[in-house]
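The values are calculated or read from the model by the stated rules, or taken from the named source; none is laboratory data. Fair warning: this is a prediction, and the values are worked out from it, not measured in the lab. We place every Cβ from the backbone using ideal geometry, glycine too, and count neighbours over all the protein chains shown.
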Amino acid sequence: MSAEGGTKALIAALSANLAIAAGKFTAFGFTGSSSMLAEGVHSVADSGNQVLLLIGGKRARRAADEEHPFGYGRERYVYGFLVAIVLFSVGGLFAIYEGWHKISHPETLDSWGWAVGVLLFAIAMEGWSFLTAMRESDKAKGKQSWVQFIRTAKAPELPVVLLEDAGALIGLVLALFGVGLTVITGDGVWDGVGTLCIGALLVVIAVVLALETKSLLLGESASKESVRRIREALVDGEAVIRVIHMRTLHLGPEELLVAAKIAVNAEDSAARVAEAIDAAEERVRAAVPIARAIYLEPDVYSAEKAAAGDDPAATPGGPGPGAEH
């Protein structure tokens with residue numbers, strides 16, 4: 001997935017959320033609806049999250065230096081984790097508190113037409129943002145389901161926007177539900193119930209985001225398909241006979257480290273082995289362009305050494321533990 005697609009989705013979501021937040025707070029001022037207040041805070045939190053992801057993307061593009069020889073690509077994961085914290089605390093916990101307060105001290109709504117109008121406007125804007133994120137994600141999703149894409153994506157931006165926008169659309173429906181029942185029944189408790197449901201929804205989304213980005217922060221291997229292509233590219237059947245064992249690690253969404261022990265012919269000279277390694281690196285980069293750092297160790301193959309070097313939890317052709325989250 002390209003960073004450009006994630007940036008486009010982030011800018012669309014940020015534009016929508018700023019406009020929606022202004023409308024929601026205006027409606028809250030006229031109606032006093034806790035659902036509108038919770039939704040307004042939700043939009044502010046989402047806007048802040050998109051700014052965080054944009055900052056993370058910019059900082060991740062810094063060149064490698066002596067202190068960080070593999071670059072700053074993982075900074076995008078750090079900011080993705082911060083998004084989960086903001087969504088949980090600012091969005092979810094605030095809405096739960098406000099909902100409980102409204103249920104304990106229900107109030108009638110004034111000028112409820114403002115609330116309904118703003119909610120319908122917000123649904124349209126969030127729908128536009130959600131469709132933009134879906135179009136950009138389609139380019140990277142391939143044949144995966146949406147759940148698989150969110151779980152396995154190595155770049156955090158599009159999964160975060162998808163989850164935020166989906167949560168925002170559901171939250172708006174819940175707010176409309178709470179406001180509508182409050183107007184129909186004249187009982188302000190329903191407004192609080194809608195707010196409480198919004199808070200619970202945001203907490204669930206924040207927990208999912210935290211779990212997914214935590215896995216990325218810990219360090220994930222390449223996808224199964226990338227591992228397969230790398231293994232095939234390493235072996236040419238002549239100078240490189242087979243892959244004895246291999247490890248991959250994402251240094252960032254678009255940067256992969258490959259470390260492998262490869263079997264070469266025992267009778268080959270050092271110069272011949274060096275040429276074989278250079279050629280293998282070229283083949284790997286052609287097969288998987290994001291493989292930037294490649295470290296190959298030549299060896300003469302033996303079953304005993306291979307068994308000692310391989311990870312018992314890894315399958316012979318697979319990426320090993322942590323390939324997907």
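Here is how the numbers come out for the structure above:
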| read-out | value |
| --- | --- |
| Set Ala133, Ala200: member being assigned by TED's automatic domain parsing to the domain that holds Ser104 and surrounded by fewer than 24 Cβ atoms within 10 Å (Cβ to Cβ) | Ala200 |
| Subset of region 255-282 (residues that are crowded, with 18+ Cβ neighbours inside 10 Å and within 20 Å of Glu225 (Cβ to Cβ)) | Glu255, Leu256, Leu257, Val258, Ala260, Ala280 |
| Selection count where residues are of a type outside the set (S, T, N, Q), over 29 Å from the mean Cα position of the chain (by Cα) and not in a strand (DSSP E or B), scope region 251-301 | 19 |
| Residue within region 126-135 that is modelled with pLDDT of 80 or more, in a helix (DSSP H, G or I) and among the aromatic types (Phe, Trp, Tyr) present | yes |
| Number of the condition not met by Thr248 [criteria: (1) more than 17 Å from the chain's Cα centre (by Cα); (2) hydroxyl-bearing (Ser, Thr, Tyr); (3) in the same structural domain as Leu162 (by TED's automatic domain parsing)] | (3) |
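Yes/no per residue for (1) charged (D, E, K, R); (2) more than 29 Å from Val78 (Cα to Cα); (3) in a helix (DSSP H, G or I):
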{"residue": "Val193", "(1), (2), (3)": "no, yes, yes"}
{"residue": "Val208", "(1), (2), (3)": "no, no, yes"}
{"residue": "Glu212", "(1), (2), (3)": "yes, no, yes"}
{"residue": "Glu225", "(1), (2), (3)": "yes, no, yes"}
{"residue": "Asp236", "(1), (2), (3)": "yes, yes, no"}
